[in-house]
Structures are given as C-alpha cells and as structure tokens.
Amino acid sequence: MTTLTAVRTALHASPSPHASSLNSLIDFAQISPLKTNTQAVIARFGPEKIDFPQKGRGLSPFDPATLPSITELRDILLQDLEQTAQDGTSQPEYFPPPSSCGESDDDDDDDAGNISEHDAAADLINHVTDADYETSGVIPHLPSSTLDALCNAGKENWDDVLFETPTTVSVLSANTPLTLQHHNESTSFSTLLTGTVVYVVWPPTPHNFTVLQDAYDAFATSSFDDTALDVSHRLEGGVTFVQSARETLRLPPFCLLRGLATTTAVLATYSIVTADTFVSMLHALPLLTSFWATETHGAAQKTAFGAALLDCLERILACEFEDEAKVRHPVAPRGPLSALLRAWDGVRHDVFGVLDAETTARMKRAWMAFLVRVVGRNCVLCGRKFMCKRNETRAHFEKTHWVGGQGEGGSEERVDSMGVE
Ligand SMILES: [Zn+2]
C-alpha cells in the first residue's frame, strides 16, 4: 500500500476535512509515493539508505505468531493504563483534541463533561475494537511493559546507541489528524497493531526546517492559531503512503510529518538515538527552540533536552565511540567525535541557549578534559599550533571556541596531564 492510488483510496473513505486537505496536498504539492525509484526524491532525505523512511512487515519487532488479538490488545492496554496510573508517571495519559479546521477557538479545557483524563483514556482504549469509533482526544505515549516484553527480542540491535526508549503506545480514534510536526531526534519503529494511517513525510532539509520554524513562531505569537501551521504546501520533497495493520514504519530523525488515522489505530513504538545523529540534534536546536515556545511544558522540555544533550556530549568527548583509546590530532574524519569537532563553532551559541549555568559548567569541563587527552600540539578544533599546549589551551579555548558560554570561573579543570607527543 505504498502507491498514490492506495493513499487516495484510504483518504476518500474518510469523511474528515483533514482527508480532503491531505488529498489536495497530494494533488498540488508534488508529493511522491513512498515506493519510488526516483533518486532525487530519495536523495533529499540523505545519502544513506537508512535516511529514507521505510515501511513493511519485515521491520516489525513482533513475532506474528504471538501478536495479541484485538480484544487481547484492549485488555493489555487497560492493564498498562492502570499500571501507569499507579506508577504516577508524569506523562499526560490523554490529550484533548487538536481543534479541527474552521472551528471557533472556544476554551474547551473542561469539555467532555468533566470526565477525568484517566477515564477518557480508558474509554478510548475500550473502543479500539471499533474501527470507526470517533472521539475527541488521543493517547500519545502510554508506556506498555507488556508489549515491550513481547517485542523486545525482535528490536534492531544497532552500534553506537546513545539511548533507546522502551515501547510506548499511541491510540488514535478514527479520523484523528496528526498535525504538521517534526519527528524527534530518534529513529523510531512504529508498528500499527490495528487500524489504518495515511502519512505524508518530508525530509529534514534546511528549507523545510525554515518553513516549519517560521510556522511554529507564528503559531506561538498568534495565540496558538492552528492556521499558522498550515504550511505543508510550502514544504519540499514529501512522500506519502498508507500504513496498514501489522506494518512497521521506520522514521528517520527530524523528518517532518502529517497524517490521518482513517480508522481507529494503535501504534506500538520504540526509538533509538545513535551517536551519529548527535550533530543533527545540534543543527535542529533553532527549530526545537521555536517548537518549545508552542508547548505548554516547553520550558521543562528544553531543560530535559539540555541535560540529555550534555550527557551525550560527555560520552562523545570521552571518546566512547572511537575505535582507539588514544585520540590524536587530526581526528579521523568519521564518526560522531569528528562530526562534533567540525560542527562545534557553528552550533555552540544554539547549544548555550538550551543550557543552564550548571550544565554549561559541566560541558566546559567535558571539553577541557577532552582537549587534555588529545595527543598532539595543535588545537583539535581549529588546528592552531601551540608553542606550549599545556599553558595555552585553556585561554585559546575560552577565547576562540567558548565565546558566549558561561562557566568562566571553572578553574578546577586540570591541565596537568596534557598528552603531548
Ligand atoms: Zn582552536
């Protein structure tokens, strides 16, 4: 189901205004089918095969023989919901609907007759057996230890993993739109356990980032007017497809997407972030900063992202992903460390923007420790040759590669173990 005909058929079956909107997008905005041999379409997503979205049953981590039936799935999700409530996890269980097009922006916080978030989530799960059930809300990310245990053995086993998330479940009732958004920094594997979802996915090109970032900015400054996000037709290089039950979608980091669940859908997703994608996280910071401004809990998300960024950077600078323990200047032009060194001066101001004073100071210490361990008389960032590396490194780093950062008082770093060849 990767042809345009399949997409149109699925959209024509839906009475949702989002279906007709997606249909006109596909007609007028040069969207290609996912199943394409056109190199120009594939290349826009990136040079590697893994940069292009892929879909199929072969990607599924689930063994078809042990997949739960629809009623078993419902019971598993109800159990997981109770578990999540008991654990008291901070993630919202249920989101009210994205307001549909053309509706007035009445304040609907207390809609649904004061049903609690938890009961609304349970109600939606109770209806996953009904393909045409419609309700106003979604379950975005319900942790599911049961499904995770079922599929754990079938997950991808990649090298250089920074972190991997356990399986979470999204539940969308029939005709629920996925509004235009960016995919996060992970490569995700989403298996559709029931339902049908139509997607349009765009590559993370600089042009698309600019269009989406402007849209986020407009959305935030227009008191969250949905029409500000109506910029899909300005994006380049989109591909479209239908995801059917039991198919898995592999989505690369930072792709843009829009979609519509044309029938009630349950997606089980796990995600992997590899060290190789770290630098693309840094390049996405301006987009993310605009996105956080659109989110109710944006400040907390930004803080959490800054902390995760620091953890990743510390591991890369500790040479965890290098083949050899001793790193010397110049660093071989491959892998996350080399990519970080090349990108640093261009992205550091954006990085400083998401760090607080404490994480900035820690990041500076990680850099100093790294500079100390690199073998050679040159600055590993810009190649400048030192007369006395021991004495000059810190001042040079602060003056040239840390401008704009805080943590100037970090005098506790040791510079006395400098490896000079
Ligand atoms: Zn330098």
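The values are calculated or read from the model by the stated rules, or taken from the named source; none is laboratory data. Worth saying up front: this structure is predicted, and the values here are computed from it rather than measured. Cβ: placed from backbone, ideal geometry, glycine included. Neighbour counts: every protein chain shown.
Key figures for this structure:
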| quantity | calculated |
| --- | --- |
| Boolean, LEU381 is closer than 27 Å to VAL273 by Cα, without any contact (Cβ under 8 Å) to a residue 40 or more places away in the chain and within 12 Å of the ligand (Cβ to nearest atom) | no |
| Options VAL374, VAL351; residue that is over 13 Å from LEU313 (Cβ atoms), away from the ligand (no atom under 11 Å from the Cβ), crowded, with 20+ Cβ neighbours inside 10 Å and assigned by TED's automatic domain parsing to the domain that holds ALA304 | VAL374 |
| Among the residues listed as ARG258, ARG234, the single one being touching a strand residue (DSSP E or B) at 6+ places or on another chain (Cβ under 8 Å) and not assigned by TED's automatic domain parsing to the domain that holds LEU355 | ARG258 |
| Residues within the stretch 336-348 that are touching a residue at least 40 places away in the same chain (Cβ under 8 Å) and crowded, with 17+ Cβ neighbours inside 10 Å, tallied | 7 |
| In the stretch 156-175, the residues that are among the charged types (D, E, K, R) and part of a strand (DSSP E or B) | GLU164 |
| In the stretch 300-340, residue farthest from ASP159 (Cα to Cα) [restricted to those that are small (Gly, Ala, Ser) and assigned to a helix (DSSP H, G or I)] | ALA300 |
| Hey, LEU371 under 28 Å from the mean Cα position of the chain (by Cα), of a type outside the set (Gly, Ala, Ser) and either over 19 Å from PHE278 (Cβ atoms) or assigned to a helix (DSSP H, G or I) (or both) or not | no |
| Some residue of the stretch 15-29 being part of a loop (DSSP other than H, G, I, E, B), over 26 Å from the mean Cα position of the chain (by Cα) and in the same structural domain as ASP132 (by TED's automatic domain parsing) | yes |
| Residues of the stretch 191-233 that turn out to be of a type outside the set (A, V, I, L, M, F, W, C) and part of a helix (DSSP H, G or I), as a count | 13 |
| Subset of the stretch 390-399 that is in contact (Cβ under 8 Å) with a residue 24 or more places away in the chain and within 11 Å of the ligand (Cβ to nearest atom) - its residue that is nearest to GLY346 (Cα to Cα) | PHE397 |
| Some residue of the stretch 235-248 being closer than 20 Å to PHE209 by Cα and assigned to a helix (DSSP H, G or I) | no |
| Of all residues making up the stretch 54-69, the number that are aliphatic (A, V, I, L, M) and exposed (fewer than 15 other Cβ atoms within 10 Å of the Cβ) | 1 |
| Some residue of the stretch 223-233 being of a type outside the set (Phe, Trp, Tyr) and surrounded by 19 or more Cβ atoms within 10 Å (Cβ to Cβ) | yes |
| Leading residue by the ranking (surrounded by the most Cβ atoms within 10 Å (Cβ to Cβ)) among those in the stretch 123-158 that are in contact with a strand residue (DSSP E or B) (Cβ under 8 Å, 6 or more places away or on another chain) and among the small types (Gly, Ala, Ser) | SER144 |
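Here's the yes/no breakdown for (1) within 16 Å of the ligand (Cβ to nearest atom); (2) in contact with a Leu (Cβ under 8 Å, 6 or more places away or on another chain); (3) modelled with pLDDT under 95:
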site: LYS326; (1), (2), (3): no, no, yes
site: VAL331; (1), (2), (3): yes, yes, yes
site: PRO336; (1), (2), (3): no, no, yes
site: LYS364; (1), (2), (3): yes, no, no
site: GLY404; (1), (2), (3): yes, no, yes
site: GLY409; (1), (2), (3): no, no, yes
site: GLU421; (1), (2), (3): no, no, yes
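Residue-by-condition table, conditions (1) touching a Gly at 6+ places or on another chain (Cβ under 9 Å); (2) under 17 Å from LEU310 (Cα atoms); (3) of a type in the set (S, T, N, Q):
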| site | (1), (2), (3) |
| --- | --- |
| PRO333 | no, no, no |
| ALA357 | yes, yes, no |
| THR360 | yes, yes, yes |
| ARG365 | yes, yes, no |
| ALA369 | no, yes, no |
| ARG377 | no, no, no |
| LYS389 | yes, no, no |
